[in-house]
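**Student:** Before anything else, here's the structure in question.
The values are calculated or read from the model by the stated rules, or taken from the named source; none is laboratory data. As the structure is a computational prediction, the values presented were derived from the model and not from experiment. Note that each Cβ is placed from the backbone with ideal geometry, even for glycine, and that neighbours are counted across all protein chains shown.
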Amino acid sequence: MTVTGPGGVGKTRLALQAAADQLPSLSDGAWLCELAPAADQETMAQAVAAALRARPRPGLSVADSVVEFLRTRTALLLVLDNCEHLAAAAASLAADILRGCPRVRILATSQQPLGVGGEQVFGLRPLSLPPPDAGMAAAGASDAVSLFAQRAAARRDFALTPSNVAAVGEICRRLDGIPLAIELAAARVAAVRPAEIAALLDERFRLLTRGRADASARQQTLQATLEWSYALLGHAERRVFDGLGVFPGSFDAEAAVAVAGADGLQRWDVLDGLTSLVGKSLVAEEEGPGQTSRYRLLETMRAYARQQLAAGELGRLQLRHAEHYAAFAEQAGLEVAGPAQLEWQPRIQRGASIARQARQEATEQGIEILVAEFLATEATAWTAAGDYAAARLPAMEAVEVARRVQNPAASAFAFLTAAGAIWPSDPQAALMLIEDSLALTRAGASDPVLDTALMLAGLIRARTGNLPRALAALQEAMAQQHADGDRLLLGITLQIAAVGLAGLGEAEPAAVLAGAFSAHFPPDISAVPKDEQMWIGEAQSLARRALGEAAYRAALARGAAMDDDQIVGYAQGQYRRLVAPRAEPGAQASESPPGPGAADPPGMTVLPRQDNVPQ
Ligand SMILES: Nc1ncnc2c1ncn2[C@@H]1O[C@H](COP(=O)(O)OP(=O)(O)O)[C@@H](O)[C@H]1O
Ligand SMILES: [Mg+2]
């Protein structure tokens, strides 16, 4: 069955209510597939597969995989919401499903019928209207007037009275009883009386063809109502509203600020704009996780907002949208390694299952380079969540595929990712992978970040006791991070270097770096995992015991007085003093062995040298 009607008449709401009503008799449930964001037949099938959590099957298209998935269900309702922009694609998908899965029913919403065999079309009519001369009782009994009264009462202390009922009836008739239009008008009650709203609408609608009651006339009514609401917005509000059209789904206030807040719009302009747009029913507010608000534009509003954006502006906003979520992903990457890990778990499992789906698709299509990339992405997600056991298999598969493909960038990425996933259980294999990755990166392959690879190499070596080589890698990472101005990673690297120095019996430099670190580096460094923090703490107690309390404190204070240049210079000076002179002539600064006997031991942990430690 397809529910048809103009935008805002209530198709989505009706479909959801109908699905909810039938739920008790549907043993396999009712599933909502939001198709508005789909751009073509392929992404439509993917949206349906994602909603059903149906995995693509080897050798089958996504659409066929959906049919296969549904074939064995005994009672299931599929709600395909917003089919209008892809009616033909939706029709062919629906036809495939109905043919292959006799016990699945489809409830679709669309501005026009899909045109599929066996389709029942339910033309949704607008809300019932009161006749022009209706009295209080009759007007109040009409659906349109009671929706207006209900929505207006939610905005302000409003009640239908004998003196305003005629104006409210007039508004509802002007708006053809379209619920969305009525909601927009009712939202104005906060500022304007019903009689004034009726007059404003009258002015606006005079040009519209009246007296027609077909769907296209109602579409015009809604368009005019949107124009009217939009025209009443302030300049900043309008710009915020337009910008929000970029979001395909729901979003939080921070995302709104990041995307819509630019070109002279301040943070507060966006936040105020958001609140007032909610007040005017142009943006819907819903409850997000942890008592926060999330926002969403109804499909009709989103389409209208996007119409307002000039083509170039849309592109720029989409870029900012992408940048915001990329930065969000990076932040998440740091937070999952800290105390907030558990809060991120569900999202990461979702970050991982999307990668798995993508990998299956790439496998089906035989695009090996993408297979390697998605396997590595999945491994990264698990590693970030601290689930090394889950990360191991995709990580090793990524390496295998990358070795087959031999593409330098994909290999460098896969090797580094795999190293990050396996190092706690297999440090030697991880180091070999990092070396391979570094060699590719140094030869010009893009993707992996040199300083991250070096930092990881330094960490693994420090933890497995190869301290000279750990310091070699760390000092090179440090130089890069300092040049990039990446203080977060620089701080982490300095902390690891301090452990290395303590392990070499260099108690004073270890304390100087620790002092510099705690005085200067960002507080969100707590993203360092717990056992690493303990390891760092132990190295510092070693240094403290070696120096004695007074000298230890003096060294901390010396470090705290340094600026970034001095700290990095100091750490590198220590490296040169302790390690570099022993390097073979002509050897590269870092990943080549700094001297005979410095090769990585096979996974053993060497105890720190005790020479300088007083008993
Ligand atoms: N019968 C109704 N009673 C109350 N509100 C309604 C009704 N039908 C629709 N609405 C409201 O009108 C707005 C538009 O409805 P929606 O279902 O999104 O329309 P469509 O899908 O046809 O574009 C929504 O805010 C919805 O809650
Ligand atoms: Mg809809």
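**Student:** Run down 70, 76, 124 and say which single residue is in contact with a strand residue (DSSP E or B) (Cβ under 6 Å, 6 or more places away or on another chain), within 30 Å of residue 168 (Cα to Cα) and not hydroxyl-bearing (Ser, Thr, Tyr).
**Tutor:** Values: 70 fails: within 30 Å of residue 168 (Cα to Cα); 76 fails: within 30 Å of residue 168 (Cα to Cα).
Going through 70, 76, 124 in turn, the sole match is 124.
**Student:** Right, another one. How about segment 280-304: which of its residues are outside any loop (DSSP other than H, G, I, E, B), of a type in the set (A, V, I, L, M, F, W, C) and either surrounded by 18 or more Cβ atoms within 10 Å (Cβ to Cβ) or away from ligand 2 (no atom under 13 Å from the Cβ) (or both)?
**Tutor:** Quick first cut of segment 280-304, residues outside any loop (DSSP other than H, G, I, E, B) only: 284-287, 289-291, 293-296, 299-304.
Subset that is of a type in the set (A, V, I, L, M, F, W, C): 284, 301, 303.
Of everything in segment 280-304, just one residue is outside any loop (DSSP other than H, G, I, E, B), of a type in the set (A, V, I, L, M, F, W, C) and either surrounded by 18 or more Cβ atoms within 10 Å (Cβ to Cβ) or away from ligand 2 (no atom under 13 Å from the Cβ) (or both), namely 301.
**Student:** Separate question: So residue 126 clears everything in (1) under 39 Å from the mean Cα position of the chain (by Cα); (2) within 15 Å of residue 167 (Cβ to Cβ); (3) in a loop (DSSP other than H, G, I, E, B) except one condition, right? Which one?
**Tutor:** Among (1) under 39 Å from the mean Cα position of the chain (by Cα); (2) within 15 Å of residue 167 (Cβ to Cβ); (3) in a loop (DSSP other than H, G, I, E, B), the lone unmet condition for residue 126 is (2).
**Student:** Among the residues of segment 44-81, how many are under 27 Å from the mean Cα position of the chain (by Cα) and at positive phi? Let's see the steps before the verdict.
**Tutor:** Initially, segment 44-81 is screened for residues under 27 Å from the mean Cα position of the chain (by Cα), giving 44-57, 61-63, 65-66, 78-81.
Imposing the further condition that a residue be at positive phi reduces the set to 53.
Counting residues in segment 44-81 that are under 27 Å from the mean Cα position of the chain (by Cα) and at positive phi gives 1.
Yes/no per residue for (1) away from ligand 2 (no atom under 16 Å from the Cβ); (2) outside the structural domain of residue 30 (by TED's automatic domain parsing); (3) at pLDDT below 90:
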position	(1), (2), (3)
81	no, no, no
89	yes, no, no
128	yes, yes, no
164	yes, yes, no
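**Student:** Among the listed residues 444, 500, 491, 485, identify the single one that is among the small types (Gly, Ala, Ser) and touching a residue at least 40 places away in the same chain (Cβ under 8 Å). Spell out how you get there, then give the answer.
**Tutor:** Numbers: 444 fails: touching a residue at least 40 places away in the same chain (Cβ under 8 Å); 491 fails: touching a residue at least 40 places away in the same chain (Cβ under 8 Å); 485 fails: touching a residue at least 40 places away in the same chain (Cβ under 8 Å).
Checking each option against the conditions leaves just 500.
**Student:** Conditions first: (1) modelled with pLDDT under 90; (2) within 16 Å of ligand 1 (Cβ to nearest atom); (3) of a type in the set (Gly, Ala, Ser). Residue 54 passes all but one, so which condition is the exception?
**Tutor:** Every listed condition holds for residue 54 apart from (2).
**Student:** Here's a follow-up. Kindly indicate which of 178, 197, 106 is of a type in the set (Val, Ile, Thr), farther than 30 Å from residue 28 by Cα and within 40 Å of the chain's Cα centre (by Cα).
**Tutor:** 178
**Student:** Something else about it: Can you tell me which residue is farthest from the chain's Cα centre (by Cα) among those in segment 339-368 that are surrounded by fewer than 17 Cβ atoms within 10 Å (Cβ to Cβ), among the aliphatic types (A, V, I, L, M) and part of a helix (DSSP H, G or I)?
**Tutor:** 342
**Student:** Only one of these is surrounded by fewer than 18 Cβ atoms within 10 Å (Cβ to Cβ), touching a residue at least 24 places away in the same chain (Cβ under 8 Å) and farther than 21 Å from residue 9 by Cβ: 123, 140. Name it.
**Tutor:** 140
**Student:** Taking segment 1-28, which residues are more than 16 Å from ligand 1 (Cβ to nearest atom) and more than 13 Å from residue 107 (Cβ to Cβ)?
**Tutor:** Within segment 1-28, 24, 25, 27, 28 qualify.
**Student:** Which count do you get for residues in segment 398-434 that are farther than 24 Å from residue 387 by Cα and of a type outside the set (Lys, Arg)?
**Tutor:** Within segment 398-434, the subset farther than 24 Å from residue 387 by Cα is 403-409.
Add one more test, that the residue is of a type outside the set (Lys, Arg), and what stays is 405-409.
Count: 5.
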